[in-house]
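Derivation of every value follows stated rules applied to the coordinates shown; laboratory data play no part. Since the model is a prediction, treat every value here as computed from it, not as a measurement. Cβ: placed from backbone, ideal geometry, glycine included. Neighbour counts: every protein chain shown.
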Amino acid sequence: MTHISQGVSQGTVRLDVLVYKEGTTYIAHCLQTNIVAQGETRDTAFDEIMRLTECHLAFAIENDNMDHFFCPAPTEDWRMLLEA
């Protein structure tokens, strides 16, 4: 399991992403937005979660709907972060 913290250049937004393997698939989970992506490799899963999160943010900004950008993951997923 990998924990990645990503910042945004114009202001700081901390996004915690857990990347872990389930069977033969890598899962990437952004805990602040509860967005989940998958890929055949760790890098593919991470690239996909970044793409999805960027799209989600762009949609929220374009629609003046930042109230719905942050939707935290369930407690058990945050617990995985503490164990990482």
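So, counting K/R as plus one and D/E as minus one, what does the shell of residues with Cβ under 13 Å around residue 49 add up to? Walk me through the intermediate numbers first.
Numbers: positive: 42, 51; negative: 16, 43, 47, 48, 54.
After counting each charged neighbour, the total is -3.
Do the sum for the chain: with -39,500 (n - 2.57) for every DSSP H run of n ≥ 4, divided by all residues, what is the mean residue ellipticity at 222 nm, to the nearest 500 deg cm²/dmol?
Counting only the DSSP helices, I get -11500 deg cm²/dmol.
Lys and Arg at +1, Asp and Glu at -1: add these up for the other residues within a Cβ distance under 10 Å of residue 39 and post the number.
Result for the neighbourhood of residue 39: -3.
If you build a Gaussian network model of the chain, linking Cα atoms that sit under 10 Å apart, which residue out of 43, 67, 16 swings the most?
Looking only at 43, 67, 16, the biggest GNM fluctuation is shown by 67.
Using only the alpha-carbon atoms, how far is helix 42-62 inclined from the longest principal axis of the chain? Give it as 0 to 90 degrees, nearest 10.
It is inclined by approximately 20 degrees.
Mean projection of the alpha-carbon convex hull of the chain over all orientations, in nm²?
Values: hull surface 22.3 nm².
Mean shadow area of the hull around the Cα atoms is 5.6 nm².
At 7 Å along Cα-to-Cβ for each site, give me the label-to-label distance between residue 81 and residue 13 in nm.
1.5 nm
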